[in-house]
């Protein structure tokens, strides 16, 4: 038998032949940048505020080193972030031996060092924390001290966003087996359009193992989302415990959240959706057969809410707290839930009569009392829009109104001076599987708000992953890639996007493949129903 | 505002209250062993050959130590396996600080040490490697040297299977925040029913990032599957490269495969399904417009196959090699592919006439020649059943016949003395989404084979994950949990299963939740179509 590869008249070894087939055939469903992608596009998601690029291709040293300059503060978060991104960037070249980062080795690569300059000494992760950064990537030739890549940011969280952008510029080249940055030099100046860029995760309908939640938080940082709204209606804090409670294992998890620069906001939904509380304390139910809304008449109810919120306060450092208040006061629910349960329980009915209240007044009373409790614990309360729709003039002026029922609510809320979060269910409820990526993408949180000072009251938006038909098996492909469409809407300015020459779909398809490469099960972009399988064979980039 | 938790008349702190609600309500979709599971069942998947258990609950020390005794050989694989399983077992208690494994700390736990005894000094991973093990879990009281848990095995691979079983006995208890083993003492004696327990992964229709492939290999070890049949029809070895090629990063990946004790078998499918080769060497095509089957007339064709197989041989140490040979010789294909392409290409037609061959003779000639090449490289050839169906008497007697078209082929193959792999597409093709878990489960590889010596020729079976509608976003929930149903059929003896009292569904549902906890996106078990979302809210265990 002939051993073909030994023959000198073959220019390539067989392995090279295989590589060659791979590249030529075009059947590759691969991820290399030579896969027929339009190289003139800027494959950064979400698109930065400003950027310029060139025509050079630079190689990046797997032994990339980090240097941080700044006014003190905790750089631990930044160093850990750098390590995390280094693992992502060099995942495919993990086996390439880098014995020492000697001058000789360094000279083989165009980029061997990353300098991060942080202006602020504070590492507090607040809503509206300065996430701006500039990123400069170039080759420095003939200089003894090389700082080819510089990220400059006000805060470590801006620097983390810059690292994410840097990681997206890096692509593994299958031919040279090295990480490359094409179209260098790059100059990127970036900052978010909205401070609040959220994802709601409903863990009340199905259990999510801790690792699944961690993976989702990690994936959010890839799209520069900044907030997970953590909904656990049945209050099984213990269930999500390892991430968010105070037990022994909470601290590393909290660190992890910090490390990704992601806020976590909790929701305790009262007075509706709280029936399960009564399993522990049946006194919370109006009566044994009519279990929600919670008994509005007892001090005990509010004492317990206060106690629970105190415990939660220590676990959730974030300044916003979601008090729910939804699905109680629509006409349907008003007549059904309130009348049915409060009116038909003798002691509640007596209390209502004594206080000259109708059920809807008691609902207002309950919501406002819960708001007071949250505010007393140094929280800013968030409520679903039903509370605003029912008694806007009574709401605490610090209330953040959380839109969901449809369009047009944020304009009304900001007109009355309230802050607002956009989550119009027609476009940003991820469990609505028939909403296509572009319907998500072209939703506009500021629609109907012309006045600049009023626009500022829209703090951002949130895509909502309700849990009826998602569990660990399919949550990631239900969230992604559509959450990314909203993420760009919330991060990128209209100016930046308008210069994008209709490349959105191609860029989003690229980003979905990037998510896949990073271990996130993002579904094909253009499927008719979200999270459907790919319709047939082919490249990740085109489906 | 009252701070409820400070009040002495509350027996529990609020956090405990939350825990309590969680446990009482029964709305928990949790994973704790107190979730209404039937505690009398043996939640080990696949079910071991023999086992006895008791009524004690033991706690396991997060600082569990390992001691290996044996006749030399590489224990690196075993130590790494132990570390991997320790991460899995103590995932939920990762934050619990274990300062030192002092005698005092050890005394807090029932199990603090694991002893593994390995008889063989060889760590060769061959088909039919001895995977038997015994596992003994008990509490040893009042003894100075404690060896509460012992795994005894002939080979390190048996020991790895024992570790998997041990890890499945361990469950995190949310109340005590410790890892517990219930129903101790355990005595388990186990070994596989079939040596070949495979999963085909088709990476030719969609690209799978390296991490996705690694995750699948890892998940296979949870179900004690032992072989990944790696199909890459378009030969983009480079594409899967990081796992399986010889480039710089291959070595760690190969180690990883070894570490899980999983074989990898490659397939190069000739002469059909190889059209893409001609992109590199158009001479391989009969003519420019008629591209498969490959040109049977040229030495070049077989020289190239030989060269490619030589390269692959160095990458794939496993003793079986799959030569395909499918979808050429069915009536449809015979008339279409062979006649159409070989008959209509002038120089091929002339060659056929000169050699007095019909296309089906040339197909046989091609397959047999490819077999010779594989055998010359010290491989045992595997062919899809079409080759057996068409010219059984010409096939090399070492050929392993790979069934797929339907039932009844293995009985014919073993009757003629061939080894056989069972993959009846009606039940074990995972892309057939309408095949329910129990149809997969109750498929029997030995059906129709009464003679014991003939039964031994059925080396096992393989579930096939063809790739038309799976990619990174949904491959895991298409594979799992149904692949686990086949895995138990291939591992567990009929005697062991018959004593199982119809608990299969409950045990499989438990195993799917176990997979979820370990980061595998296994779909609900009882959905009408595989990989459908859960139909509604509820516990992982019941859907």
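The values are calculated or read from the model by the stated rules, or taken from the named source; none is laboratory data. What you see is a predicted model; the values in this text were computed from it and never measured. With ideal geometry, Cβ positions are generated from the backbone for all residues, glycine too; neighbour counts draw on all protein chains shown.
Scan the stretch A:436-445 and give yes if some residue there is touching a strand residue (DSSP E or B) at 6+ places or on another chain (Cβ under 7 Å) and at pLDDT 95 or above, otherwise no. Yes - at least one qualifying residue is present in the stretch A:436-445. Residues of the stretch A:274-291 that are touching a residue at least 40 places away in the same chain (Cβ under 8 Å) and either assigned by TED's automatic domain parsing to the domain that holds residue A:81 or surrounded by 22 or more Cβ atoms within 10 Å (Cβ to Cβ) (or both): A:274, A:276, A:277, A:286. When the residues of the stretch B:202-225 are filtered to those that are at pLDDT 95 or above and part of a loop (DSSP other than H, G, I, E, B), which remaining residue is farthest from residue B:432 (Cα to Cα)? Applying the filter and picking the extreme gives B:224. There is at least one residue in the stretch B:450-469 that is within 14 Å of another protein chain (Cβ to nearest Cβ) and over 15 Å from residue B:229 (Cβ atoms). The set of residues in the stretch B:77-93 that are touching a residue at least 60 places away in the same chain (Cβ under 8 Å) and part of a helix (DSSP H, G or I) comprises B:77, B:78, B:80, B:81, B:82, B:84, B:85, B:88, B:89, B:91, B:92, B:93. Taking the listed residues B:248, B:272, the one that is within 12 Å of another protein chain (Cβ to nearest Cβ) and either modelled with pLDDT of 70 or more or more than 30 Å from residue B:362 (Cβ to Cβ) (or both) is B:248, with no other qualifying. For the structure I just gave you, tell me whether residue B:431 is within 14 Å of chain A (Cβ to nearest Cβ), buried (at least 24 other Cβ atoms within 10 Å of the Cβ) and either at pLDDT below 95 or under 30 Å from residue A:521 (Cβ atoms) (or both). Judged against the criteria, residue B:431 is not a match.
Working carefully through the options B:175, B:155, B:149, find the one that is within 30 Å of residue A:207 (Cβ to Cβ), more than 14 Å from chain A (Cβ to nearest Cβ) and at pLDDT below 95. Within the list B:175, B:155, B:149, the selection yields B:149. Restricting attention to the stretch A:151-196, the residues that are closer than 26 Å to residue A:455 by Cβ and assigned to a strand (DSSP E or B) total 5. Summed over the stretch A:297-310, the residues that are more than 21 Å from residue A:399 (Cα to Cα) and either touching a residue at least 12 places away in the same chain (Cβ under 8 Å) or not assigned by TED's automatic domain parsing to the domain that holds residue A:357 (or both) give a count of 5. In the stretch A:330-347, is there at least one residue being touching a helix residue (DSSP H, G or I) at 6+ places or on another chain (Cβ under 9 Å), part of a helix (DSSP H, G or I), modelled with pLDDT of 90 or more and surrounded by fewer than 17 Cβ atoms within 10 Å (Cβ to Cβ)? No: the stretch A:330-347 contains no residue that is touching a helix residue (DSSP H, G or I) at 6+ places or on another chain (Cβ under 9 Å), part of a helix (DSSP H, G or I), modelled with pLDDT of 90 or more and surrounded by fewer than 17 Cβ atoms within 10 Å (Cβ to Cβ). Screening residue A:305 with (1) surrounded by 16 or more Cβ atoms within 10 Å (Cβ to Cβ); (2) assigned to a helix (DSSP H, G or I); (3) away from chain B (no Cβ under 11 Å) gives one miss only, at (3). Looking at the structure I just gave you, is residue A:211 under 21 Å from residue A:518 (Cα atoms), within 14 Å of another protein chain (Cβ to nearest Cβ), surrounded by fewer than 24 Cβ atoms within 10 Å (Cβ to Cβ) and over 19 Å from the mean Cα position of the chain (by Cα)? Spelling it out, it is not the case that residue A:211 is under 21 Å from residue A:518 (Cα atoms), within 14 Å of another protein chain (Cβ to nearest Cβ), surrounded by fewer than 24 Cβ atoms within 10 Å (Cβ to Cβ) and over 19 Å from the mean Cα position of the chain (by Cα). For the stretch B:515-543, give me the residue count where each residue is at the interface with chain A (Cβ under 10 Å from one of its Cβ atoms) and more than 18 Å from residue B:439 (Cα to Cα). Result for the stretch B:515-543: 16. Taken together, A:355, A:343, A:403 contain a single residue that is within 24 Å of residue A:486 (Cβ to Cβ) and more than 14 Å from chain B (Cβ to nearest Cβ), which is A:403. A single entry from B:231, B:235, B:199 fulfils the requirement of being at pLDDT below 95, within 30 Å of residue B:294 (Cβ to Cβ) and touching a strand residue (DSSP E or B) at 6+ places or on another chain (Cβ under 9 Å): B:231.
In the stretch A:502-543, which residues are over 23 Å from residue A:471 (Cβ atoms), in a loop (DSSP other than H, G, I, E, B) and free of Cβ contacts under 8 Å to residues at least 60 places away in the same chain? Within the stretch A:502-543, A:502, A:535, A:536, A:543 meet the criteria.
The residue that is nearest to the other protein chains (Cβ to nearest Cβ), among those in the stretch B:292-302 that are within 23 Å of residue B:377 (Cα to Cα) and crowded, with 23+ Cβ neighbours inside 10 Å, is B:301.
Only one of the numbered conditions (1) within 23 Å of residue A:425 (Cα to Cα); (2) surrounded by fewer than 24 Cβ atoms within 10 Å (Cβ to Cβ) is violated by residue A:501, and that is (1). Check whether at least one residue in the stretch A:484-505 is within 14 Å of chain B (Cβ to nearest Cβ) and under 18 Å from the mean Cα position of the chain (by Cα), and report yes or no. Yes - at least one qualifying residue is present in the stretch A:484-505.
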